[in-house]
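Structure record follows, encoded as structure tokens.
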Amino acid sequence: MTNPFKKITTNAETTKKEWKGLKAESTTKAKQCHRCGAPRPTNTNLVACAYCGTPFMLIDATIEPDA
């Protein structure tokens, strides 16, 4: 009995496309927490680090919930 998985992988290896001369790079723009180094995505309104809890901004106003 032949191995169907071997046939699939062999076919994939022989028919794959080679990308020559192309350099693909991906980047992300993120600020880092100054305490733990965890990434903080730009254009967000996070006020504290999700990992260590260090505040990114000091806000003196208290927000009261609606009664």
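Here are some notes:
- For Phe5, the accessible surface of its heavy atoms amounts to roughly 140 Å² (probe 1.4 Å, protein chains only, rounded to the nearest 10).
- Counting only protein chain heavy atoms and rolling a 1.4 Å probe, the accessible areas of Cys49, Cys36 rank, largest first, as Cys36, Cys49.
- Where labels lie 7 Å past Cα in the beta-carbon direction, separation of Asn45 and Thr9 in nm: 5.1 nm
- Spatial separation of Cα centroids for the range 38-55 and the range 1-17, in angstrom: 46 Å
- Theoretical gain in end-to-end length, Asp60 to Trp19 [0.36 nm per residue, Cα-Cα removed]: 9.3 nm
- A cut-off under 15 angstrom between Cβ atoms defines the neighbours of Gly53, and their net charge, with Lys, Arg +1 and Asp, Glu -1, is +2.
- Heavy-atom SASA rank of Cys33, Cys52 (probe 1.4 Å, accessible area, largest first): Cys52, Cys33
The values are calculated or read from the model by the stated rules, or taken from the named source; none is laboratory data. Worth saying up front: this structure is predicted, and the values here are computed from it rather than measured. No Cβ is skipped: glycine too gets one built from the backbone with ideal geometry, and neighbour counts run over all protein chains shown. Side chains included, ligands, DNA and RNA excluded: accessible areas come from the protein's heavy atoms. Shrake-Rupley method; radii C 1.70, N 1.55, O 1.52, S 1.80 Å.
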